[in-house]
Amino acid sequence: MRMSAAVAALAGVSLLATACAGGAGSAAPSDDETAAAATETGRVAISYPGGIAVLDPETLEVVDEFDTEEFTRLNAFGDGRTIAVTTSKGFQMLDTAEPALTDALFEATTAGHVVIHGENTVLFDDGTGTTTIVPTDGFADGYDALPEATTYTADAAHHGVSIVLEDGTLVTTVGDETSRTGAMALHAHDDHWDEAAASAECPGIHGEGTAADEAVVFGCEDGALLFKDETFTKLTAPDAYGRMGNAFVSETSPIVVGDYKNDPDAEGYLLSAVALIDTAAETLEVVDLPAEVRYTFRDIARGPGDLAYILSTDGQIHVLDPETGELTESYPVIEAWEGPAEWQDAHPAIKVDGDIAYVTEPAANSVHAVDLTTGEVIASVELDHTPNELAVAIG
């Protein structure tokens, strides 16, 4: 089933705003200070009610803290130092190297997904349906002004996500304030976008992940939607309601690990199965996890060996081999925990950078660093606040 062309005006390459680095009243750094700060990459950011802390990635020592809104979300920007902080005003840039919560802000009415791929970082504003495409290295010269960006605005605002492939193709979700139905692939021209492919076979489309060979997967309420080689393919779940909402990927593996839920009436946010999507074979398989392994959308990450690492309610990281669907090892890290009452509530999360996993333990106000090649906890810190969102400034 194909959708009619949805052509929106191309806003073009435009300078969206001008902003100054640092908080109000902060002095501009000297050239020496900027050069020194640029070497501080891979730092960890933690949000807590009303603030954000920047941690050293090796010691987990708190480098600095910044006041912000009561609830913010954190996303890596992809340049090794910048974190996109989603606030009520839009996407605000956190420089983890200096560090500074800068005044650089991409305005958005409802800041949503941030996707890094190739040379671009893509921001989606749920409130307007606007996709903003930013060069990932756009802040290489500092945060005094926003880098030039290209925008695309959907026909209707919705909770969506977009990605730009290496050939410039924009793949973006389709929906409105009442429903989300699928996705389309667009090619940019001087003053418009041309539709290259479309699918309306993905009810409740949510989340995005890019596997090997730029195979893009979106989650649906009845499986997943695959885009590769300029074509959309629906992968149907084995259950009538089989929702995949988040894709956990490695760009060197063809297999996507997705969270999976088959009971639309289930209470809470804990999940007990995963979807394994082979983008090369174009198959979707559901794997039920052992009774002691339960997780939320914050608790899966890909890491060494293209394996998947599941932070479970039993306090352990369980290692999943996506090729076989088997759990191969388990590493105790934190105390057992219960699922959140609301998705925004603080509960354990995992993010991976190289061989190291960073794990939050809100019940203990703690963050831990785990060597995934050995399972050893190599650093821990107790904070003055309860950690909620977690991001690593990957590059």
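The values are calculated or read from the model by the stated rules, or taken from the named source; none is laboratory data. The structure presented is a predicted model; accordingly, all values stated were derived computationally and were not measured. Note that we place each Cβ from the backbone using ideal geometry, even for glycine, and neighbour counts take in every protein chain shown. Just the protein is used for accessible areas: all its heavy atoms, side chains included, with ligands, DNA and RNA removed. Shrake-Rupley method; radii C 1.70, N 1.55, O 1.52, S 1.80 Å.
Once the Cβ-Cβ distance between A240 and D167 is put in as r, and R0 is 30 Å, what FRET efficiency do you end up with, to the nearest 0.05?
Here the calculated transfer efficiency is 0.25.
Please list, or write none, the aspartates and glutamates whose alpha carbon is within less than 16 Å of the alpha carbon of K228, excluding same-chain residues fewer than 8 places away.
Leaving aside aspartates and glutamates fewer than 8 places away in the same chain, those within reach of K228 are E166, D167, E195, E201, E208, D213, E214, E251, D278, E282.
Between T178 and E119, what length in nm is gained on full extension when 0.36 nm per residue of separation is reduced by their alpha carbon distance?
This chain segment gains 17.9 nm when fully extended.
With a/c under 1.5 counting as rounded, go ahead and sort the stretch 93-158 into rounded, prolate or oblate using the C-alpha gyration tensor (a ≥ b ≥ c being the square roots of the eigenvalues; past the cut-off, prolate if a/b is larger than b/c, else oblate).
The shape class here is prolate.
Using a 1.4 Å probe on the protein heavy atoms only, what accessible surface does F71 show? Give it in Å² to the nearest 10.
80 Å²
Mean residue ellipticity at 222 nm from the helices of the chain, using -39,500 (n - 2.57) per DSSP H segment of n ≥ 4 over the full residue count, to the nearest 500 deg cm²/dmol?
Helices in the chain give a 222 nm mean residue ellipticity of -500 deg cm²/dmol.
Which of the lysines could a cross-linker span from K89 if the Cα-Cα distance has to be under 25 Å and same-chain partners fewer than 8 positions apart are dropped?
Within reach: none.
Quick one: 3J(HN,Hα) in Hz for the stretch 153-160, Karplus 6.51/-1.76/1.60 with θ = phi - 60°, rounded, Gly and Pro as x.
10, 5, 4, 9, 5, 6, 6, x
With a 1.4 Å probe and every protein chain left in place, work out the accessible area per residue of the chain in Å², rounded to a whole number.
Heavy-atom SASA per residue in the chain reads 42 Å².
Quick check: from the Cα gyration tensor, does the stretch 84-198 come out rounded (a/c under 1.5), prolate or oblate?
The shape class here is oblate.
Within 10 Å, at most 15 other Cβ atoms, and a DSSP state outside H, G, I, E, B define an exposed site. Report the longest part of the chain free of exposed trypsin sites (Lys or Arg not before Pro).
Counting only loop sites that pass the neighbour cut-off, the longest clear stretch is 90-395.
List the residues whose amide H sits under 5 Å from the amide H of G78, counting only those 5 or more places along or on another chain, with H placed 1.01 Å from N in the peptide plane.
I394
According to the square roots a ≥ b ≥ c of the eigenvalues of the Cα gyration tensor, what is the shape class of the chain, taking rounded for a/c under 1.5, prolate for a/b larger than b/c otherwise, and oblate for the remainder?
oblate
Ignoring ligands and nucleic acids, what accessible area does S88 show with a 1.4 Å probe (Å², nearest 10)?
About 80 Å², ignoring ligands and nucleic acids.
Find how many whole Å separate the alpha carbon centroid of the stretch 69-141 from the alpha carbon centroid of the stretch 248-278.
One Cα centre to the other: 26 Å.
Computed FRET efficiency, Cβ-Cβ of D213 and D265, R0 41 Å: what is it to the nearest 0.05?
Here the calculated transfer efficiency is 0.60.
Between P290, P348, P147, which gets the highest mean-square fluctuation from a Gaussian network model of the chain, Cα cutoff 10 Å?
Highest fluctuation among the options: P290.
Keeping the other protein chains in place, figure out the carbon and sulfur percent of the accessible area of the chain, with a 1.4 Å probe.
Here carbon and sulfur together make up 45 percent of the probe-accessible area.
Pick from A364, A149, A183: which is most flexible by mean-square fluctuation in a GNM of the chain where alpha carbon atoms under 10 Å apart are linked?
Highest fluctuation of the listed residues: A364.
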